[in-house]
Structure formats: C-alpha cells, structure tokens
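Comments concern the structure below.
The values are calculated or read from the model by the stated rules, or taken from the named source; none is laboratory data. Because the structure is a prediction, the values reported are computed rather than measured. Every residue, glycine as well, gets a Cβ built from its backbone with ideal geometry; the counts of neighbours run over all protein chains shown.
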Amino acid sequence: MPDLRGPAPYDALLLLSFGGPEGPDDVVPFLANVTRGRGIPEERLKEVGKHYFLFGGVSPINGQNRDLLDALREDFAEHGLGLPVYWGNRNWAPYLTDTLREMVADGHRRIAVLATSAYASYSGCRQYRENLADSLAALEAEGLPVPRVDKLRHYFNHPGFVRPMTDGVLASLADLPEDVRAGARLVFTTHSVPTAAADTSGPVETHGDGGSYVAEHLDVARVIAGAVREETGVDHPWDLVYQSRSGAPHIPWLEPDICDHLETLHGEGVPAAVMIPIGFVSDHMEVLYDLDTEATAKAAELGLPVRRSATVGADPRFAAAVRELVLERAAAERGLPVERCALGALGPSHDLCPVGCCPARAPKPAAAGADSPYA
C-alpha cells in the first residue's frame, strides 16, 4: 500500500528567509538589497545600519536559519521523511534564485516552501511570493526547468509554534522577582506595518481594521495568555504592541510602539512586564536591538522590571510542526482528507493564497497563489 503520510508529490523543502549581513563589509550592500529601488544614498544606509555595527556587522538570522536547517534535517531523518532541505534568502546569500537553480540542477521539480514569517501580510507573505515569481522567471529566462513551488500555510496558530512560545513566557515570569511576578503585564509584540497594509492583509473578506495581520496576532496572544493562566493560576492582563517601525513619519503605522507602551505601563503603576515577540520566528536583529537593547534600556530608565521571552527558533517542536505542515499539504495535493492542527478561534489558514490577498501597492506577479503565473 502507498504511504499515506509520505511527502509526495514534493521532492524537496525550501526554507525561505529574509537574510542578513555576516560581517561589517556586508551591512551596506545588504541594506541596499533590502531598499532596492528607493534611491536611498549610501550615507543614509550607513546610518540605518548602526544597529548591525553594534553587533559587529553580523545579523544572527543566518546562524539561526542554519540551526533550523539542522533541526529540520534531524527531525525528517528521525521520522523517515526522505525530503532534502535547502535554504534561500531574499536579501543576502544564499540568494533565493541561486538556491532554486541548485535545486533544479539536483533534479527537483515540486518544491514545498516554508517562509520564516508566520502571519498574513504583504511583507510577510505576498512579497515572498513575488520573490519566488521573480526567481522562477529568471530560471525560465535561462532556459532551465521551472519547478512548481507551493508555499506552506501560515503557521501562527500551529501548536508547534505556539507551545514553545508559551513555555518561554512561563520561564520569563518565573525569572521575575517574586514580589512583582503576579502583577506582571504580558506585552505581546510584533513588527509594525503601515495601517493600510494591515487593513488589506489576508483574504479580501478579512480586510479592514487591521485585517488578518492584527486578528491573527490577537488570537495567538489570547491562546498564550490563556495557557499561562491555566499553568500559573494567575490571570495576567495583556496587550498587543508593535516595534521596528521604519517608514516615513507621515504614513500611519500600527501603534503603540513598545517603548511608548512601557512608559504607559509604568505610569499606570504596573510592577513588571514580559515582552513576548510573537511576531518573530527567531531572535534576529529586530529582537536583539529593538527589544533586548532599546526597549530594555527604556525599562531600566523607568525602573520597570522586564523580561523578554524566547522566540521559537530551532525548537524541536517547531521542526516537528514543519514536518506536519509538509505532510498535510502533500496529502491535500494527493486529494486525501487532511486533519489540520490549529489553536485559537481562527482555525487553520488557507493552503493557497486567494486573489486579492495582501495586495501590493504596485501589482506584481506572485507565485504559489491562486493568481500565480506558474501552475
């Protein structure tokens, strides 16, 4: 009998990420890639890159992706999933197009894609799909076979993503001084985006007032806060706030900012806070600088005890979740009934991004969706 939990039709998995510099000489070229087409002068890029220079010009994201690759390969091997795992980035080596070229040379024609972004948004989903379309077009122009790529569903509410974060919150609460622990506020944080982009995130029917982006974060926060209450017996108040704004000041972005919110909490007499970066898969630069450096310094200035809980990173439970995501999508592609794991009220996300999902300001081809030019 055929293996009903095998990876067919997929013959490889692609880990698709943002990328980051790995030394001081990489910082400005990396930022030039990130901001390509915006005409930002080199001196401004050097100013923007000061966060990286504080850490020797090295973003931790590439090292963390290597750890995740190891965890995925180990998990796949332990469970007999003979699926090779590759890695490609949008903005730094290994570049996505180079990786796809390598995969095609290795004979792969049906590729499952895991993006290191768990939520619906233009920058967290459709932009990755646009990058995939650009890379497939480059292969086509070179006369190479064009593989089919299928992006795995959003995993923001998968137990293998949520439960490691919950454990991180519990550990952070336990690390607070006992006299402030019970009164600590849970501060869930994610990347701010323009409100216009948030409002149009996700399928068309979810557009408006933060769209899927805000709704998904709020749902995960409720799940984690509820799990913490069950574990500790304490009902900690919680908030969803934002960080890492990078846009022009006249354009509205999601608020409040984490540092402003810490000031508000201090003014209200809140005795402590746990910062929970639910919007991020790993402890990359925006976590290291915006939370561990900037927000932690603000809390110290206020005299507000804070802890920052861990991201999922290469947790074995997350690696197992990725395996389950591959197997469920493979089964669905083979026309088999699929049981999809999801916590919270929203249920599992769609497999195929529908038309109108997370639209770009200037329409561009995007792979792995209902509007993909590549079947």
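Brief remarks on what is shown
- Meets criteria (in contact with a strand residue (DSSP E or B) (Cβ under 9 Å, 6 or more places away or on another chain), assigned to a loop (DSSP other than H, G, I, E, B), among the aliphatic types (A, V, I, L, M) and closer than 30 Å to Ala8 by Cβ) for Ala366: yes
- Number of the exception - Asp67 against (1) in a loop (DSSP other than H, G, I, E, B); (2) modelled with pLDDT of 95 or more; (3) acidic (Asp, Glu): (1)
- Each residue in region 105-126 was checked for being assigned to a helix (DSSP H, G or I) and surrounded by 19 or more Cβ atoms within 10 Å (Cβ to Cβ), and 4 pass.
- Residue in region 310-333 that is among the hydroxyl-bearing types (Ser, Thr, Tyr) and either within 21 Å of Pro203 (Cα to Cα) or in a helix (DSSP H, G or I) (or both) present: no
- Condition met for Asp235 (surrounded by fewer than 20 Cβ atoms within 10 Å (Cβ to Cβ), acidic (Asp, Glu) and out of contact with any helix residue (DSSP H, G or I) (no Cβ under 8 Å at 6 or more places or on another chain)): no
- Residues (in contact with a Phe, Trp or Tyr (Cβ under 9 Å, 6 or more places away or on another chain) and of a type in the set (A, V, I, L, M)) located in region 330-341: Ala330
- Here Asp75 meets the list (1) closer than 16 Å to Leu16 by Cβ; (2) under 22 Å from the mean Cα position of the chain (by Cα) almost entirely, failing just condition (1).
- Residues of region 190-233 classified as among the hydrophobic types (A, V, I, L, M, F, W, C), part of a helix (DSSP H, G or I) and out of contact with any Gly (no Cβ under 7 Å at 6 or more places or on another chain), total: 10
- Complete set of residues in region 200-217 that are out of contact with any strand residue (DSSP E or B) (no Cβ under 6 Å at 6 or more places or on another chain) and either closer than 30 Å to Gly303 by Cβ or surrounded by fewer than 16 Cβ atoms within 10 Å (Cβ to Cβ) (or both): Val204, Glu205, Gly208, Asp209
- Which numbered condition Leu83 fails, given (1) at pLDDT below 95; (2) in a loop (DSSP other than H, G, I, E, B): (1)
- Residue match in region 66-77 (condition: closer than 22 Å to Ala32 by Cβ and in contact (Cβ under 8 Å) with a residue 24 or more places away in the chain): no
- Those residues of region 167-189 which are in a loop (DSSP other than H, G, I, E, B) and buried (at least 20 other Cβ atoms within 10 Å of the Cβ), in sequence order: Ala184
- Of everything in region 249-303 that is of a type in the set (Gly, Ala, Ser) and over 24 Å from Tyr52 (Cβ atoms), the residue that is surrounded by the most Cβ atoms within 10 Å (Cβ to Cβ) is Ala273.
- Residue count, region 127-145 (criterion: acidic (Asp, Glu) and not in a helix (DSSP H, G or I)): 1
- The residue that is nearest to Phe53 (Cα to Cα), counting only those in region 1-19 that are out of contact with any strand residue (DSSP E or B) (no Cβ under 7 Å at 6 or more places or on another chain) and at pLDDT 95 or above, is Pro7.
- Region 33-64, subset among the charged types (D, E, K, R) and part of a helix (DSSP H, G or I), residue nearest to Met285 (Cα to Cα): Lys50
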